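One structure is given here, and the rest of the page talks about it.
The values are calculated or read from the model by the stated rules, or taken from the named source; none is laboratory data. These figures come from a predicted structure and were not determined experimentally. As a convention, Cβ positions derive from the backbone with ideal geometry for all residues, glycine included, and neighbour counts pool all protein chains shown. Quick note on the areas: whole protein, heavy atoms, side chains included, nothing else; ligands and nucleic acids left out. Shrake-Rupley method; radii C 1.70, N 1.55, O 1.52, S 1.80 Å.
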Amino acid sequence: MSSSFSDIIRSRRQKDFVTVEHHYHVDVFNSVIDYQLKELNSRFSEQTTELLTLSTTLDPKDAFKSFNVGDICCLVKKFYSCDFFDQEKILLEYELQHYDFDVLKGVNFQNLSTIGELFQKLVVTGKSNVYPLLDRLLRLVLTLPVSMTTT
């Protein structure tokens, strides 16, 4: 990898010494990364990216590390405002505070890794009846992969 890289395009008179490692790192690797970033940025709008980011606050990974009541309420207000009445949006904040104390600290919910597993566990334990607004929100968020692929 430290040997000289001679490129056909480069002039034979050019005196700079470019190694094979440098060529692959700078000329090839960085170009591919730049291309992939452009593709991703063109596929997902800022609104879609924000929707996905706010949805991750419901993710149970690492003992609900990313759980944030404010972000979840923001998710509902910005993206699911037609699915919740104004009073339900206010009640959701209180429901999430109880959920944080009841479910997130509970032993039964500690080893979950996906929102789908969380939803199933809430149904099995009957907590989906205790937290109906969260249940509705989880159902909506679980439809995201389907709606994202159609976009």
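Some observations on this one:
- Candidate set from segment 76-110 (those that are at pLDDT 90 or above and aliphatic (A, V, I, L, M)); member that is nearest to the chain's Cα centre (by Cα): Val76
- Flag for Val141 being open to solvent by 60 Å² or more (accessible area, probe 1.4 Å) and among the β-branched types (Val, Ile, Thr): no
- The C-beta contact set for segment 131-149 (first residue at pLDDT 95 or above, second residue surrounded by 17 or more Cβ atoms within 10 Å (Cβ to Cβ) and among the polar types (S, T, N, Q), distance under 6 angstrom, 6+ apart or interchain) comprises Asp135/Ser128.
- The residue that is modelled with the lowest pLDDT, among those in segment 23-56 that are aliphatic (A, V, I, L, M) and surrounded by 11 or more Cβ atoms within 10 Å (Cβ to Cβ), is Val26.
- Residue in segment 85-103 that is most open to solvent (accessible area, probe 1.4 Å), counting only those that are closer than 18 Å to Asn129 by Cβ and among the hydrophobic types (A, V, I, L, M, F, W, C): Phe101
- Considered as a group, the residues in segment 111-134 that are under 19 Å from the mean Cα position of the chain (by Cα) and not polar (S, T, N, Q) include one that is most open to solvent (accessible area, probe 1.4 Å), and that residue is Glu117.
- Taking segment 57-82 as the range and being assigned to a helix (DSSP H, G or I) and open to solvent by 70 Å² or more (accessible area, probe 1.4 Å) as the test, the residues that pass are Lys61, Asp62, Lys77, Lys78, Cys82.
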